[in-house]
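Colleague: Pasting a structure here, questions to come.
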Amino acid sequence: MLKRIINYFDDKTRSSNPSIIDGAAYSLTANMISRDARKVVETLQNAGFDAYVVGGAVRDLLLGIKPKDFDVATNAEPSEVKSLFRRSRIIGRRFQIVHVQFSRELIEVTTFRSNDQASQGAGNKNIGLRQQSKTGMLTRDNIFGSVNEDASRRDLTVNALYYNPSDNSIHDFTSGLDDINSRTIRIIGDPSTRYREDPVRLLRVVRFAAKLGFGIDSRSAKPMSKLSADLAQVSPPRLFDETLKLFMSGKGAAIYALLREYKLFDYLVPQANRLANDGSNNANCLFEQAFINTDRRISSNQRVTPAFIYAALLWPAVEKLAEQLREKGNSASYALSKASSDVISKQVHITAIPKRFTIPMREIWDLQLQLPRRGGQRAKRLAENPRFRAGYDFILLREQAGEDLDGLGEWWTRYQEVSPEEQQQMADEAGKTVKKRRRSRGPRKNKTSEA
């Protein structure tokens, strides 16, 4: 308890006594900020408000990374911001922000937030502006304050740097520059409290540690595994969006390792996690290889889709359930279809995967049953299937993960490279091989006996 009190006052002291550094010391200039973001800051400052470029853009510029977008923080309230920009709108209920739209760029403008608790006294204007669940999770946070207070409300020190392009100054309230120099991810304030306020911060710590190649501060890391179950409080749509940031970041393999280390993967894809912990299958190898392949495609600017990565994460569960259904006498196609439906149904209650992704997932899985059946004209029809490439890549993934598919991936690779005449010859030979195998197994059961 004493240590927590000391840490609390240490954080308060740091946030109330900011360091103001000349951007030139870090080779930072106003021209590195997008023209539209500079225009938003200038407009707010000319109207008498304080305004800064804040967060990830400042962090990335200091690390030599090109920012994807620019956010602005100000002491102007949302309605005041909206009145200054013609193409703007207030969004959000939990956290009110203003989107200012320019021709090519959208600038997100947030109002400085206060760390003060809204009392329950009669007549308090803050009642309803901040609300928390019984576990401490913030369900609304619209109490506005000063820039000092706003810095203490941010999640990570490296994301709490404020840049003023008008005088090229960096305002550091939480020693974020020190953590950038030491390559450390650190939660602002008491980690357990901040994670309970918003469990998604657990995922953000992991994502930024992997993205930036930083280590996680020991104090920030200590409660992560213990509080991982709080992810169950996050809404499925929001958790799906967060998994996209994790899995499709280009650092998926490193993120997967950290998610497993801190017990977070248990609550993102529990069906996959159970099988990854089971040494009797190659599920963990499949997941690792899927992330490695996805990272490789992203780094080479190739197209990636959440459908493929979720298909990989849920495939071992689908395969296991389908096998159990086949053992009960169901046909292979019915078993796969039923298993696919059941596994997806369980997952969408955790991460709300949209149908535009679950449909191609099922098609990829269905092709795993069809691609081995390539005799006669089937190979040609399968190669013309709109989802063939994804199904073929999935076959290669399974083989890369150590599964023995009797050279199926190599066969389909060669099939795509040869002439149409050679393709037909390959298909005919594959059909003969299947017939020989059937004869060696004995006569085929008729439909009545199968039923």
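Colleague: Loop only by DSSP, 14 or fewer other Cβ within 10 Å of the Cβ. Give me the trypsin sites (Lys or Arg not before Pro) in region 25-80 that pass, ordered by residue number.
Modeller: 68
Colleague: What spacing in nm lies between the two simple spin-label points modelled at residue 80 and residue 22, each 7 Å away from Cα in the Cβ direction?
Modeller: Result: 3.2 nm between the two label points.
Colleague: Kindly put 184, 174 in sequence by how many other C-beta atoms sit within 10 Å of each C-beta, fewest to most.
Modeller: 184, 174
Colleague: Still on this structure, please answer the following. Between the DSSP loop rule and a limit of at most 16 other Cβ atoms within 10 Å, which trypsin sites (Lys or Arg not before Pro) in region 369-440 are left?
Modeller: Here the sparse-neighbourhood loop sites are 373.
Colleague: Using the Karplus curve 6.51 cos²θ - 1.76 cosθ + 1.60 with θ = phi - 60°, work out ³J(HN,Hα) for each residue of region 105-111 in order, rounded to whole Hz, and write x for Gly and Pro.
Modeller: 9, 10, 9, 8, 10, 10, 8
Colleague: According to a simple spin-label model (label point 7 Å from Cα along Cα-to-Cβ), what is the distance in nm between residue 389 and residue 300?
Modeller: 1.3 nm
Colleague: When the chain is fully extended, how far beyond the present Cα-Cα distance does residue 182 get from residue 326, taking 0.36 nm per residue of separation?
Modeller: Extra length from residue 182 to residue 326 when fully extended: 46.3 nm.
Colleague: Could you grab the relative contact order for the chain? Cα pairs under 8 Å, six or more apart, rounded to a whole percent. Intermediate results must be reported in sequence, preceding the final value.
Modeller: On the way: 652 pairs, mean separation 46.9, N = 451.
Once normalised by length, the contact order is 10 percent.
Colleague: Using the Cα gyration tensor of region 12-115, with a ≥ b ≥ c the square roots of its eigenvalues, what is the shape: rounded (a/c below 1.5), prolate (a/b larger than b/c) or oblate (neither)?
Modeller: oblate
Colleague: Residue-wise, which Karplus ³J(HN,Hα) couplings in Hz belong to region 348-360, taking 6.51 cos²θ - 1.76 cosθ + 1.60, θ = phi - 60°, and x for glycine or proline?
Modeller: For region 348-360, the Karplus curve yields 5, 6, 9, 10, 6, 5, x, 4, 5, 10, 5, 5, x Hz.
Colleague: Can you give me the three principal axis dimensions of the chain from its C-alpha atoms, in Å, biggest first?
Modeller: 85, 47, 40
Colleague: Putting +1 on Lys and Arg Cβ atoms and -1 on Asp and Glu Cβ atoms, find which of 164, 216, 175 reaches farthest to the positive end of the dipole of region 143-293.
Modeller: 216
Colleague: Based only on the alpha carbon positions, what is the Kirkwood hydrodynamic radius of region 144-217, in angstrom?
Modeller: About 12.9 Å, per the Kirkwood formula over Cα pairs.
Colleague: Hey, another quick one. Defining a contact as two alpha carbons under 8 Å apart and six or more residues distant in sequence, what relative contact order in percent does region 270-450 show?
Modeller: That works out to 21 percent.
Colleague: Okay, moving on. Please report, in whole Å, how far the alpha carbons of region 334-439 spread along each principal axis, starting with the longest.
Modeller: For region 334-439, the Cα extents along the three principal axes come out at 48, 30, 26 Å.
Colleague: Then there's this: Considering the zone a paramagnetic label at residue 428 would reach in this model (a point 7 Å from Cα along the Cα-to-Cβ line), which residues of region 368-403 have amide N under 18 Å from it?
Modeller: From region 368-403, the list is 374-381.
Colleague: Quote the charge dipole size of region 270-450 about the Cα centre in Debye, to the nearest 20; the model charges only the Cβ of Lys and Arg (+1) and of Asp and Glu (-1).
Modeller: 860 debye
Colleague: To one decimal place, what orientation-averaged projected area in nm² is obtained for the convex hull of the Cα set of region 394-436? Please list the in-between numbers first.
Modeller: On the way: hull surface 13.1 nm².
Taking a quarter of the hull surface, the average projection is 3.3 nm².
Colleague: Also, quick follow-up: Using only the alpha carbon atoms of region 270-450, find the Kirkwood hydrodynamic radius as the inverse mean reciprocal pair distance, in angstroms to one decimal.
Modeller: Hydrodynamic radius (Kirkwood, Cα pairs) of region 270-450 is 17.7 Å.
Colleague: Additional query: Work out the charge dipole of the chain with +1 on the Cβ of Lys and Arg and -1 on the Cβ of Asp and Glu about the Cα centre, then indicate which of 85, 268, 397 is farthest towards its positive end.
Modeller: 397
Colleague: In region 174-278, what GluC sites (Glu not before Pro) fall in a loop by DSSP, with at most 14 other Cβ atoms inside 10 Å?
Modeller: none
Colleague: Taking +1 at the Cβ of each Lys and Arg and -1 at the Cβ of each Asp and Glu, which of 286, 379, 408 sits farthest along the dipole of region 270-450 towards its positive end, judged by Cα position relative to the Cα centre?
Modeller: So the residue furthest toward the plus end is 379.
Colleague: Let me ask another. Collect residues whose amide H, placed 1.01 Å from N in the peptide plane, falls under 5 Å from the amide H of residue 144; neighbours closer than 5 in sequence don't count.
Modeller: 114
Colleague: Another question, then. Please work out how much length the chain gains when fully extended from residue 63 to residue 190, using 0.36 nm per residue of separation minus the C-alpha to C-alpha distance, in nm with one decimal.
Modeller: Additional length available on full extension: 43.1 nm.
No value in this document is a laboratory result; all are computed from the given coordinates. Only a predicted model underlies this, so the values are computations on that prediction, with no experimental measurement involved. Positions of Cβ are generated from backbone atoms using ideal geometry, with glycine treated the same way; all protein chains shown enter the neighbour counts.
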